[in-house]
Structure formats: C-alpha cells, structure tokens
1. Can I get the semi-axes of the range 88-187's equivalent ellipsoid? Compute them from the C-alpha gyration tensor as square roots of 5 times the eigenvalues, in angstrom, largest first.
2. If r is the Cβ-Cβ distance from Asp117 to Phe143 and R0 is 41 Å, what FRET efficiency results, to the nearest 0.05?
3. With a point put 7 Å past each Cα toward its Cβ, work out how far Asp166 is from Leu55 in nm, to one decimal.
4. Once you place label points 7 Å from the Cα toward the Cβ at Met82 and Ala107, how far apart are they in nm?
5. Please sort 88-95, 53-60 by packing, taking for each peptide the average over its residues of neighbouring beta carbons within 10 angstrom, highest first.
6. How charged is the neighbourhood of Glu162? Take every other residue with its Cβ under 12 Å from the Cβ of Glu162, and add Lys/Arg as +1 and Asp/Glu as -1.
7. So how far apart, in nm, are the two label points at Thr100 and Lys45 if each is 7 Å from Cα heading toward Cβ?
8. What net charge is computed for the residues neighbouring Leu87, neighbours being all others with C-beta under 14 Å from the C-beta of Leu87, Lys and Arg scored +1, Asp and Glu -1?
Amino acid sequence: MKDLRKDFNFNESHKMSDGHEKKFKQRLKAEFKNKTSMNDSVIYKMVAVFVIAVLSTILVLNQFSFSETSTSIEKTESITRMRLGDLSPELKTIENYYTTSINLELATIDTSPEYEDLVNSYIEELAVINRAYKNLEHDLNEFGVSEDIINAMIDNLQLRLELLQDLKLKLNNLNQEKNENNASYQI
C-alpha cells in the first residue's frame, strides 16, 4: 500500500472558497434537522404504540377482573375451593355426567305459561338442593375428604337429576291428558 501522507504538504495552507464554511454549516443543520425530525417521528410512533399497548393491556385486565367480580360468589368459590371433581378422575367423570345431564334436563323443560306454577315449585326445590350441595362443598373444604361427604354430594347430584326427570314426566303426562281431553271434546 502506498503511503499518501508524504504526498500531502502540511505546510501549505489550503484556502476554501468564500462562504464554503457557511454553506457547509447550513447543509449540516438542514441534514441534522431532517434526521432529527425523522428520528422524532419514529420515537413518537414508538411511544404511541407503547401507550396503546399499555392501555389495551389495562383495558383487557380491567374487563377480565370486572367479569370475574361480576360472576356469582358460587363461581368464585368454585375456582378457589376444592370440588368433587378435583378429588379423582372417576369423581370428575361422575360430577360431569350429572351436571351435564342436569343442564340438559333444564334446557329441555317445556315452560308453557299454564304449567308455570308447577315448574317454579320444582325450580325452588332445586335451588334448596343446590344450596345443600354448596354446603357439602364447604364441608369438603373445611373438614377434608370423607366418604360420607363424597356420597352425600353424589346423592345430591342424583336427587337433582331425578327431580328434573320427574318434572319432565309430570309435564308430559299433563300435556298428554290435555291432548286426550281435547280429542274427546272434538268427538
């Protein structure tokens, strides 16, 4: 490689054209200003994205906590408390079977206005039995696992299902009698 330092004369002064330094400073300022404004806009965009992300997170967390607090106390207790299905896979299967069957029976009940009183009386009885189940869950958490509590919980689930099946049977019988009476009046 060639050493170019020896070709350069340090003693000679090189004079720049008039206004060269002024033009250079103006260009430098203009270029720096453009870069700064671009950097500022990038920074502002990054800050805006960050603020939106933080606000979205806060909004989602608030909605989650609001929905969590607006649910019933029973649901909150079921999250923090041990339930029948938490004890073993077999008991979980049993609990799921009965709760699914109960929900299915509830969903398929004919709620015509003429049998409203009958349906309401059964629903009130179900509410009493459901409170007894919650008490059994409380006992399970307070006193620990015992065969008596587990059996009582299963019996409670069976009773609720049988009660709903009995209601459906009565409603079907009442509808059948009504249809037979209507048919006999038409003859």
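Read-outs: derived from the displayed coordinates by stated rules, not from any lab. Since the model is a prediction, treat every value here as computed from it, not as a measurement. In this analysis, Cβ positions are derived from the backbone assuming ideal geometry, glycine residues included, and neighbour counts consider all displayed protein chains.
1. On the way: eigenvalues 262, 35, 17 Å².
Semi-axis lengths for the range 88-187 are 36, 13, 9 Å.
2. In this case the efficiency is close to 0.60.
3. 5.8
4. Inter-label distance under the simple model: 3.2 nm.
5. Result, highest mean Cβ count within 10 Å first: 88-95, 53-60.
6. Numbers: positive: Arg160, Lys168; negative: Glu105, Glu125, Asp155, Asp166.
Summing Lys/Arg as +1 and Asp/Glu as -1 gives -2.
7. 5.2
8. Summing Lys/Arg as +1 and Asp/Glu as -1 gives -4.
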